[in-house]
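Colleague: The structure's right below; bear with me while I get my questions together.
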Amino acid sequence: GMPTPPAPTLAPRRKSRKIQVGKVAVGGDAPISIQSMTTTPTTDINATLQQIAELTAAGCDIVRVAVPTIDDADALPAIAKKSQIPVIADIHFQPKYVFAAIDAGCAAVRVNPGNIRKFDDQVKEIARAASDAGVSLRIGVNAGSLDKRLLEKYGKPTAEALVESAVWEASLFEEHGFHDFKISVKHNDPVVMVRAYELLAQRGDWPLHLGVTEAGPAFQGTIKSATAFGALLSQGIGDTIRVSLSAPPVEEVKVGTQILQALNLRPRKLEIVSCPSCGRAQVDVYTLAEKVTAGLEGMTVPLRVAVMGCVVNGPGEAREADLGVASGNGKGQIFVKGEVVKTVPEAMIVETLIEEAMRIAETMPAP
Ligand code: SF4
């Protein structure tokens, strides 16, 4: 059949250079990738690989592991070898671990030059080792660990300070002909963060890794990340994203996936269009929507299911969806592709919707 036309997005993608993080391309026309970070001690190889497997199953494209000690560095070869997705070693203070991570077969290394003293001296060797091994880097500037000189100059980690730091650190690598890196300029304030990435995007064609650092517990962190990423991605800025939550990393991947899907930067899968309910509702919409969502969890086809509380907007939305219900008078009208296929008693709505969804899903091409 005819290929499905791509869904419209809010802006064309900013033109960035493409780099490789192992098998995953970042930047250029590569799909925007989702990253997360393990929370297990990296020295616990089995637990870390188990968590990476869970992240992979949740749709994570690239995973980062912390390397604070030599024992963590020693665990990297086994983790890099067995992980299903590219592994990035996260290194803050010890340049020698950068070399260990490269030797270990990590796909990339995150360096934070603000935390590496005498960083300038090490750049040439790091660039050469990374280049020889085909390993890319991320220059990860962070408000909490900004270069002292810039902190003095600007008084606090402003957007301008973060960008000046990033551009300076990038130039150190570029002087040695090394270009295989992406940049992040993270701040915990979405307003400062958005401004920093906007400024950085104008200064060069580096692929950009988006993140609001220390975004907070799940609810607040989700809102902060969605707001900040939305502001940037809707301008075409951003090539890979990491949602930081004080919550299990699988949650970060779910939130990242929903952000990209909401902006049509990733194909939508199951989508529940449910009304907030109001004084007109003739069924318990919350419970209905929750039960349908739970019953259809894991569905991988782009099915749109409308769950509507009454007949005001109900039939209209239910008709626009692949499948839907509009409730009233203790009954549910079940719509499939705009046609009422049956009317069932309220108690049968959930199971009828799930049955119909499974039936329709079977007729849809797998993504
Ligand atoms: Fe209220 Fe009906 Fe709209 Fe739901 S569909 S919010 S119940 S008017």
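Colleague: What residue, of A30, A25, A11, A57, is within 16 Å of D239 (Cα to Cα) and without any contact (Cβ under 8 Å) to a residue 24 or more places away in the chain?
Modeller: On the way: A30 fails: without any contact (Cβ under 8 Å) to a residue 24 or more places away in the chain; A11 fails: without any contact (Cβ under 8 Å) to a residue 24 or more places away in the chain; A57 fails: within 16 Å of D239 (Cα to Cα).
Step by step, each of A30, A25, A11, A57 is checked, and only A25 is within 16 Å of D239 (Cα to Cα) and without any contact (Cβ under 8 Å) to a residue 24 or more places away in the chain.
Colleague: Can you work out which of the residues in segment 83-97 that are within 22 Å of A25 (Cβ to Cβ) and in contact with a helix residue (DSSP H, G or I) (Cβ under 6 Å, 6 or more places away or on another chain) is surrounded by the fewest Cβ atoms within 10 Å (Cβ to Cβ)?
Modeller: Here is the first cut: in segment 83-97, the residues within 22 Å of A25 (Cβ to Cβ) are 83-90.
Pick out the ones that are also in contact with a helix residue (DSSP H, G or I) (Cβ under 6 Å, 6 or more places away or on another chain) and you get 83-85, 87, 89.
Working: S83: 23, Q84: 13, I85: 21, V87: 27, A89: 27.
Once the filter is applied, the top-ranked residue is Q84.
Colleague: Here's something else I'd like to know. Going through T42, T48, T56 one at a time, which residue ends up being surrounded by fewer than 18 Cβ atoms within 10 Å (Cβ to Cβ) and β-branched (V, I, T)?
Modeller: Numbers: T42 fails: surrounded by fewer than 18 Cβ atoms within 10 Å (Cβ to Cβ); T48 fails: surrounded by fewer than 18 Cβ atoms within 10 Å (Cβ to Cβ).
From the options T42, T48, T56, the qualifying one is T56.
Colleague: Let me ask something additional. From the list V285, V311, V325, V307, which one is out of contact with any helix residue (DSSP H, G or I) (no Cβ under 9 Å at 6 or more places or on another chain), open to solvent by less than 30 Å² (accessible area, probe 1.4 Å) and within 13 Å of the ligand (Cβ to nearest atom)? Explain how you work it out, then say what you get.
Modeller: Details: V311 fails: open to solvent by less than 30 Å² (accessible area, probe 1.4 Å); V325 fails: out of contact with any helix residue (DSSP H, G or I) (no Cβ under 9 Å at 6 or more places or on another chain); V307 fails: out of contact with any helix residue (DSSP H, G or I) (no Cβ under 9 Å at 6 or more places or on another chain).
Just a single option satisfies the conditions, and that option is V285.
Colleague: To continue, here is another question. If you check every pair at least six apart or on different chains, which have Cβ atoms under 6 Å apart with a residue in segment 105-129 that is open to solvent by 10 Å² or more (accessible area, probe 1.4 Å) first and a residue that is small (G, A, S) and modelled with pLDDT under 90 second?
Modeller: Final answer for the pair search is G114/S145; N115/S145.
Colleague: Further question: Please specify each residue of segment 288-300 satisfying the condition of being in contact (Cβ under 8 Å) with a residue 60 or more places away in the chain and open to solvent by 70 Å² or more (accessible area, probe 1.4 Å).
Modeller: T300
Colleague: Okay, moving on. Which pairs turn up if I take residues in segment 315-342 that are in a strand (DSSP E or B) and look for partners that are among the basic types (K, R) with beta carbon separation below 6 Å, at least 6 apart in sequence or on another chain?
Modeller: Taking only residues 6 or more apart or on different chains, the pairs are I334/K342; F335/R319.
Colleague: Within the bounds of segment 346-361, is there any residue that is touching a residue at least 24 places away in the same chain (Cβ under 8 Å), within 27 Å of A58 (Cβ to Cβ) and within 27 Å of the chain's Cα centre (by Cα)?
Modeller: yes
Colleague: Ok, one more. Would you mind finding the one in E271, E290, E339 that is acidic (D, E) and farther than 30 Å from A58 by Cα?
Modeller: Only one candidate passes the filter, namely E339.
Colleague: Return a yes/no flag: does segment 217-237 have any residue that is surrounded by fewer than 18 Cβ atoms within 10 Å (Cβ to Cβ) and among the hydroxyl-bearing types (S, T, Y).
Modeller: The answer is yes, given that some residue of segment 217-237 is surrounded by fewer than 18 Cβ atoms within 10 Å (Cβ to Cβ) and among the hydroxyl-bearing types (S, T, Y).
Colleague: Which ones in segment 238-254 are open to solvent by 40 Å² or more (accessible area, probe 1.4 Å) and either in a loop (DSSP other than H, G, I, E, B) or touching a residue at least 40 places away in the same chain (Cβ under 8 Å) (or both)? Can you show your working first?
Modeller: Taking segment 238-254 and keeping what is open to solvent by 40 Å² or more (accessible area, probe 1.4 Å), we get 246, 248, 251, 254.
Of everything in segment 238-254, those that are open to solvent by 40 Å² or more (accessible area, probe 1.4 Å) and either in a loop (DSSP other than H, G, I, E, B) or touching a residue at least 40 places away in the same chain (Cβ under 8 Å) (or both) turn out to be S246, P248, K254.
Colleague: Taking C60 and the conditions (1) of a type outside the set (G, A, S); (2) out of contact with any His (no Cβ under 9 Å at 6 or more places or on another chain); (3) farther than 23 Å from G256 by Cβ, which numbered condition does it fall short on, given that it satisfies the others?
Modeller: Going through (1) of a type outside the set (G, A, S); (2) out of contact with any His (no Cβ under 9 Å at 6 or more places or on another chain); (3) farther than 23 Å from G256 by Cβ one by one, C60 breaks only (3).
Colleague: Please work out which residue is least open to solvent (accessible area, probe 1.4 Å), limiting yourself to segment 132-165 and to residues that are part of a helix (DSSP H, G or I) and closer than 16 Å to P95 by Cβ. Lay out the reasoning, then the answer.
Modeller: Restricting attention to segment 132-165, the residues satisfying the condition of being part of a helix (DSSP H, G or I) are 132-133, 143-145, 148-154, 159-165.
Then drop every residue that is not closer than 16 Å to P95 by Cβ, which leaves 133, 145.
Working: A133: 55, S145: 19 Å².
The qualifying residue least open to solvent (accessible area, probe 1.4 Å) is S145.
The values are calculated or read from the model by the stated rules, or taken from the named source; none is laboratory data. Since the model is a prediction, treat every value here as computed from it, not as a measurement. All Cβ positions, glycine included, derive from the backbone under ideal geometry; neighbour counts span all protein chains shown. Quick note on the areas: whole protein, heavy atoms, side chains included, nothing else; ligands and nucleic acids left out. Shrake-Rupley method; radii C 1.70, N 1.55, O 1.52, S 1.80 Å.
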